[in-house]
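The numbers here are math on the coordinates, done by the rules we state, and not lab data. This structure is a prediction, so every number in the text was calculated from the model and none was measured. Here the Cβ is made from the backbone with ideal geometry for all residues, glycine too, and neighbour counts use every protein chain on show.
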């Protein structure tokens, strides 16, 4: 009987220490502005690359947080691409979306497996594993890279997509 109460007391102490050290967080939904995901022509049949860079400050994204802004967790919840309205557009196949920041490696974040039509908007499939997003947010500059398959032989103009990425970000309270 003495050992049971000692075990219970030990467990109670461990749990109280664990919960007293836990940091409270707050979730935020953050979306990029509509970015120009641009591939500079001439472009040729096969794989081509379009890029867009988003620069921001944590203070602008989280104006209600006073003091240091600490990003504890981040994940992508949506990636939307749409061919730019009013521009000529070649026949384009699937697209793989990646991202990179100053202190992160290139990471795949999404995939679109259908051909892209000029008058439609597309939501990409979000990658299951998302690495280093917290670091990317603290870098305050993220570059998005869209690798797409062009189905036409030659296209001499730029190809521009509207890109918007939505994140769920947890910050310390």
Practice task
For the stretch 104-166, just list the percent of Cα-Cα distances falling in each 5 Å bin from zero outward, please.
Solution key: 3, 11, 23, 23, 17, 12, 8, 3, 0
Problem - Theoretical FRET efficiency, 1/(1+(r/R0)^6), r = Cβ-Cβ of residue 173 and residue 114, R0 41 Å, to 0.05 - result: 0.50
Exercise for the section: Hey, could you grab the Kirkwood Rh for the stretch 24-172? Inverse mean 1/r over distinct alpha carbon pairs, Å, one decimal. Expected result: 16.0 Å
Exercise for the section: Taking the chain as the reference, fit the longest principal axis to its C-alpha atoms, fit the long axis of helix 2-21 to the helix C-alpha atoms, and give the angle between the two in degrees, 0 to 90, nearest 10. Expected result: 40 degrees
Practice task
State, as an integer percentage, the relative contact order of the stretch 39-133 based on alpha-carbon contacts under 8 Å between residues 6 or more apart.
Solution key: 26 percent
Completion exercise
With label points set 7 Å from each Cα along the Cα-to-Cβ direction at residue 106 and residue 59, the distance between them in nm comes to 3.4 nm
Handout entry: Mean separation of Cα contacts under 8 Å (6+ apart) over length of the chain, as relative contact order %
Key = 41 percent
Handout entry: GNM flexibility winner over the chain from 150, 87, 99 (Cα, springs under 10 Å)
Key = 87
Problem - GNM result for the chain, Cα springs below 10 Å: residue of 134, 60, 26 fluctuating most strongly - result: 60
